[in-house]
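Shown next, in structure tokens, is the structure this report addresses.
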Amino acid sequence: MSRSHASAGTSGADGHASPTAGTTVHVRVLRQDAPAQESYWERHDVPYEPNMNVISVLQRIAAAARAKDGRRVAPVAWDCNCLEEVCGSCTMLVNGRTRMACTALVDKLLEENPEEIELKPMSKFPVVRDLVVDRGRVFRALERVQAWVPVDGSYDHGPGPRISPEQQEDAYPLSTCMSCGCCLEACPQFTKIEVHQRSGESVEQLAQRRDEAYDDGFVGAHAISQAVLFNNHPTGKMIADERMTALTAPGGIQMCGNAQNCVAVCPKQIPLTRSIARAGRAATVWAIKKLFDR
Amino acid sequence: MAQPRVLVIGGGLAGLSATMRLAELGVEVDLMSLVPVKRSHSVCAQGGINSVNSLTRQQGDTEWKHLDDTVYGGDFLQHQPPVKEMTDWGPRIIDLMDRLGVPFNRTPEGFRDQRRFGGTLYKRTAFAGATTGQQLLYALDEQVRRFEVEGKVKKWEFWDFLQPVLDSSGRCRGAVCQDLVTMQFRAFPADAVILATGGCGLVYGRSTMSMVCTGSAVSRAYQSGAAYGNGEFIQVHPTAIPGADKLRLMSESARGEGGRVWVPRAPHDPRDPREIPEAERYYFLEDRYPKYGNLVPRDIATREIFDICTTDGLSVEKDRLCVYLDLTHIPRETLDRKLGGILEIYEKFQGVDPRSVPMKIFPAVHYSMGGLWVDYQRSASGGMEEGAPKNQQTSLPGLYAIGECDYQYHGANRLGANSLLSCIFSGLFCAPGVMAASGSLRTLAAEESKGLFDAALRRQEERHEALLARRGGNENPYTIHNELGDLMTRVATVVRRNEQLASAYDDVCQLEERWQRCSLSDTGNWTNQNVVFTKSVGDMFPLAKLILKGALLRDECRGAHYKPSAAMPGIAATEPSAQRLEAEEWCDRFEANTRRWLKSTIARHGADGHPQITYEDIDTSLIPPRPRLYGLVGGDVIEEVWKERQRKATAAQAESPRATDSALPVGAAS
Ligand SMILES: Cc1cc2nc3c(=O)[nH]c(=O)nc-3n(C[C@H](O)[C@H](O)[C@H](O)COP(=O)(O)OP(=O)(O)OC[C@H]3O[C@@H](n4cnc5c(N)ncnc54)[C@H](O)[C@@H]3O)c2cc1C
Ligand code: SF4
Ligand code: SF4
Ligand code: FES
């Protein structure tokens, strides 16, 4: 491997010895074969390549299908799609921190810990297998806060409302939320809800019971931020009251302890605490208004 | 009679817009996707979406000109009525997306802002930051979620479409699919099945596409008898960031906002690019295409970048092919506002700030113009008849295709920012026709005999079990996929040569044989990604073969398909009369070539596993084909001669009043 490649990495320049060809990356993965089964650690060695990310590490592990001790093992399961941090699929705990695997660059990770890279599934969602978790609750929360513009339909009614550049610049960052769930993983108020199928229970019954359980839990920073987004859209705000009802119900905004962990881990740098503060103020105003409306 | 029920496979822009329209029309929709629909590949689109708008209109733009740019850019290889309908719908679609809350960039007065994309002289492209695709997809996802809450749409996420179920008459009655978590199979009876499964970039190993863009669904429909159109037309995007796992796109908008492409005049100049003086830089696109500059259509930009590195030996680096894409002359603030997202991608993966250092880029496989052959009903005004059941219908009745997986809109080359439009358009537009078709069925699919579905289920279960049971094979599906990708990238992208294509075809057949000996490293039946991937690799071979065979047979240059042996160079003569003579010959050759090759390639899966290729005439009744002369030496002389010929032809037609209608037969995919 040429020198120019090594320096294209993020270390090199500041004195860190960048790994080179021939070097091995040690990886430790927390695996779990299926829900309700024991998890276990497994070690893998992957040959180093410049510009690698955690996805390419997992691709090499899948192709080799052998653990470090030489045993043939099933490939580690994980989710990904876009590989450019815009689809929200690949969230996992990399070296203990919730983040997107596709933008977790090996060079950077080795700076954090030169010994090994540690991969774990998110802890706030039920494990499906290995690094794959069920994040249905993330989407369910979007239903709870009615995160949409209530248009009449798809027939032509001319353009949407005029929107100033300031309004657009305000809305746009909120609209880049990719439902990755990092903010939920980091939030102390967001705790894991796992519902197992009872014997004799149909898939539909299970789904319903699960949704009810989800709806009792904390709705999450991402959904609060979406509610703010739509409550500030000229058409979206036509159902602002319904969103406020959802946000002030149990599991709503009052559960947020303002720990601000969420904003620190959001890969899209969405100003979540600002959204939460705005939603909080709106909730107060709304509560007073409701009091007088009675 | 029960409600009509439609199964939509794929929840990108096309699938979501079809779902929304169908639900609105009262159809019950099952929406299926390999990934949660909100994570579909459409989120990757950065640049924007095209349509005539109030501003361009006042500069002389019309829907007709958008149509003209699209067919000219596509080298006339598309039926024109559907394109006309699409460009007519453009303004309405942008308005709709605007109403759905897409945060399009705004002018100071609060109107939608637009930028200019390749292949046009107008600023037609509406955009939302640098994540237009994500924003459009989210808006549709939100509407579909609304219908889901109302119980009109049922989502099946983490499901794999395995095959359409056909009755004895060949009509599609539903599909068999697999749950990717539990690995269970299930039959989905439906009045119609709509495929909206996107492109097939992974046939090329690494591309700018997402990991689910394997083309598996389309391949399965093709193997079940659906015809495939124009497979050999694969767009290679001029500007991508080379990476080990993916080739990440650098959007055309970087050039739209003024980005300049150059190489140092001295090969592999070791200096920091910022220290290379203007005079020692070669802005080869601006130099060779003064009218369009850095915004020449994609196929041309790609070939020029490829050529400057290979033929001219002017690659920036010695052992890796790349050129500079330079934005450093544009104020940081402007860049952040207009291109923030895409510049972050470069920074994130390359660790270099493109606002202060020119980026290094190279072409990468990006878009499949080809796809499932679909039909349409021509309207009296030369567009597409709304509500006609055959719009977007594949050669298998009851099976529809929309979005990137159909072949309909982009001909031999897609213009930037036209795909998001065609996806949303085909999705919205097909819905009433699909509904009309299901209403007209004698028996609803739900009442179809159980045997049909049971047989299909059994077939898929057997294939699955056979794969899991395959022991002792020493082939690895990941290795085979890499080899296939390298091969296809080498021979079937920017420059195509017959010897290479022919031998690659044999190599693909061998790879396919080796694939038969793949053994799985996971033989379980719970979230087994290994077997799903292996299946999808197996389904890449039929597509690879039809791409190669189509390319091999097509002995001409058209759009993204370029064969040096068939190239028509410009005019060599310098003396005016000799120039004219050459131009006449050039036009003769062009006309002969048009007669021979202005046809869609139609591939059908043969019983022997090889594609059977036939050709279909194209409806060019709206805009007569004309040479694409971007930057050709002597192009002005050729154009002059060409125009004279056109004038004569028109005059001749006017004299014989009973001239036959110029519309060519369309429809039957023979
Ligand atoms: C990086 C990039 C940038 C782009 N930028 C632009 C741009 O600026 N402007 C523009 O006009 N175009 C752009 N394009 C092109 C455009 O994004 C795509 O053509 C378009 O998004 C395709 O949308 P789609 O709805 O057809 O399919 P996709 O969005 O690809 O969705 C396909 C769907 O099908 C599902 N699916 C696939 N196979 C199966 C299966 N076997 N079973 C079940 N479900 C399945 C997937 O899960 C997914 O939901 C860009 C493309 C790329 C790669
Ligand atoms: S600020 Fe609220 S939502 Fe964010 S991490 Fe803290 S408790 Fe959770
Ligand atoms: S707010 Fe940020 S961290 Fe939370 S889901 Fe959205 S993108 Fe992910
Ligand atoms: S793969 Fe899409 S965010 Fe990482």
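The values are calculated or read from the model by the stated rules, or taken from the named source; none is laboratory data. All values derive from a computational prediction rather than experimental measurement. Here the Cβ positions follow ideal geometry from the backbone for every residue, glycine too, while neighbour counts run over all protein chains shown. Only protein heavy atoms, including side chains, enter the accessible area calculation; ligands, DNA and RNA are left aside. Shrake-Rupley method; radii C 1.70, N 1.55, O 1.52, S 1.80 Å.
A few points about this structure:
- Single unsatisfied condition, B:E28 versus (1) over 13 Å from B:T197 (Cα atoms); (2) open to solvent by 10 Å² or more (accessible area, probe 1.4 Å); (3) within 16 Å of ligand 1 (Cβ to nearest atom): (3)
- Per-region count, segment A:107-126, residues in contact with a strand residue (DSSP E or B) (Cβ under 9 Å, 6 or more places away or on another chain) and either facing chain B (nearest Cβ under 10 Å) or under 30 Å from A:E242 (Cα atoms) (or both): 3
- Qualifying residue in segment A:76-88 (condition: farther than 26 Å from A:R60 by Cβ, in contact (Cβ under 8 Å) with a residue 40 or more places away in the chain and either touching a strand residue (DSSP E or B) at 6+ places or on another chain (Cβ under 9 Å) or of a type in the set (G, A, S) (or both)): no
- The requirement of being open to solvent by less than 40 Å² (accessible area, probe 1.4 Å) and either within 16 Å of ligand 3 (Cβ to nearest atom) or modelled with pLDDT under 95 (or both) is satisfied by A:R137.
- First in segment B:204-223 and on the phi > 0 side of the Ramachandran plot, second anywhere and more than 9 Å from ligand 1 (Cβ to nearest atom) and in a loop (DSSP other than H, G, I, E, B), Cβ under 8 Å, 6 or more apart: B:G215/B:C200
- Yes/no for B:D68 being at the interface with another protein chain (Cβ under 9 Å from one of its Cβ atoms), among the charged types (D, E, K, R) and open to solvent by 20 Å² or more (accessible area, probe 1.4 Å): no
- A:V149 vs. criteria away from ligand 3 (no atom under 16 Å from the Cβ), within 9 Å of chain B (Cβ to nearest Cβ), in contact (Cβ under 8 Å) with a residue 24 or more places away in the chain and open to solvent by less than 30 Å² (accessible area, probe 1.4 Å): yes
- Of all residues in segment A:75-129, those that are away from ligand 3 (no atom under 16 Å from the Cβ) and not in a loop (DSSP other than H, G, I, E, B) total 15.
- Of all residues in segment A:200-211, exactly one satisfies the criterion of being part of a loop (DSSP other than H, G, I, E, B) and either open to solvent by 60 Å² or more (accessible area, probe 1.4 Å) or within 16 Å of ligand 4 (Cβ to nearest atom) (or both), namely A:G200.
- Filtered residues of segment A:155-190 (kept if without any contact (Cβ under 8 Å) to a residue 12 or more places away in the chain and either more than 8 Å from chain B (Cβ to nearest Cβ) or crowded, with 22+ Cβ neighbours inside 10 Å (or both)): A:Y155, A:E166, A:E169
- Flag for B:E232 being farther than 18 Å from B:Q392 by Cβ and either within 16 Å of ligand 2 (Cβ to nearest atom) or surrounded by fewer than 24 Cβ atoms within 10 Å (Cβ to Cβ) (or both): no
- Restricting segment A:248-266 to residues that are open to solvent by less than 50 Å² (accessible area, probe 1.4 Å) and closer than 28 Å to A:E85 by Cβ, the residue that is farthest from ligand 4 (Cβ to nearest atom): A:I253
- Cross-chain or 6+ apart pairs with Cβ under 7 Å, segment B:363-377 first and in a strand (DSSP E or B), then more than 16 Å from ligand 4 (Cβ to nearest atom) and of a type in the set (S, T, N, Q): B:P363/B:T302; B:V365/B:T489; B:V365/B:T493; B:H366/B:Q235; B:Y367/B:Q235; B:Y367/B:S419; B:L372/B:T394
- Checking A:D134, A:D170 one by one, the residue that is more than 16 Å from ligand 1 (Cβ to nearest atom), acidic (D, E) and over 20 Å from B:M97 (Cα atoms) is A:D134 and no other.
- Criterion: in contact (Cβ under 8 Å) with a residue 12 or more places away in the chain, open to solvent by less than 10 Å² (accessible area, probe 1.4 Å) and not in a loop (DSSP other than H, G, I, E, B) - qualifying residue of B:L77, B:L137: B:L137
- Residue within segment B:426-435 that is closer than 30 Å to B:P91 by Cβ, modelled with pLDDT under 95, open to solvent by 50 Å² or more (accessible area, probe 1.4 Å) and in a helix (DSSP H, G or I) present: yes
- Sole residue being closer than 27 Å to B:L548 by Cα and of a type in the set (K, R), chosen from B:R458, B:R414, B:R470: B:R414
- Against the test of being buried (at least 17 other Cβ atoms within 10 Å of the Cβ), on the phi < 0 side of the Ramachandran plot and more than 14 Å from chain A (Cβ to nearest Cβ), the options B:D326, B:D312 yield a single qualifying residue, B:D326.
- Some residue of segment A:136-145 being in a loop (DSSP other than H, G, I, E, B) and facing chain B (nearest Cβ under 9 Å): no
- For the criterion of being at the interface with another protein chain (Cβ under 8 Å from one of its Cβ atoms) and in a loop (DSSP other than H, G, I, E, B), A:G70 fails.
- The residue that is farthest from ligand 1 (Cβ to nearest atom), counting only those in segment A:267-284 that are closer than 21 Å to A:R137 by Cα and within 14 Å of another protein chain (Cβ to nearest Cβ), is A:I270.
- Candidates A:L119, A:L105, A:L83 - the one that is open to solvent by 10 Å² or more (accessible area, probe 1.4 Å) and within 16 Å of ligand 4 (Cβ to nearest atom): A:L105
- Within segment B:331-362, the residues that satisfy the criterion of being open to solvent by 20 Å² or more (accessible area, probe 1.4 Å) and more than 13 Å from every other protein chain (Cβ to nearest Cβ) are B:P331, B:R332, B:T334, B:R355, B:S356, B:F362.
- In segment B:235-259, the qualifying residues are those that are within 14 Å of chain A (Cβ to nearest Cβ) and aliphatic (A, V, I, L, M), and the one that is surrounded by the fewest Cβ atoms within 10 Å (Cβ to Cβ) is B:A244.
- From the list A:I61, A:I55, the one residue that fits, being touching a residue at least 24 places away in the same chain (Cβ under 8 Å), at the interface with chain B (Cβ under 7 Å from one of its Cβ atoms) and open to solvent by less than 10 Å² (accessible area, probe 1.4 Å), is A:I55.
- Sole residue being more than 27 Å from the chain's Cα centre (by Cα) and farther than 30 Å from B:E499 by Cα, chosen from B:A572, B:A583: B:A583
- Checking the stated criteria, B:E85 turns out to be of a type in the set (D, E), more than 8 Å from ligand 1 (Cβ to nearest atom), at pLDDT 95 or above and surrounded by 24 or more Cβ atoms within 10 Å (Cβ to Cβ).
- Exactly one residue out of B:F158, B:F104, B:F111 is modelled with pLDDT of 95 or more, in contact with a Lys or Arg (Cβ under 9 Å, 6 or more places away or on another chain) and crowded, with 19+ Cβ neighbours inside 10 Å, and it is B:F104.
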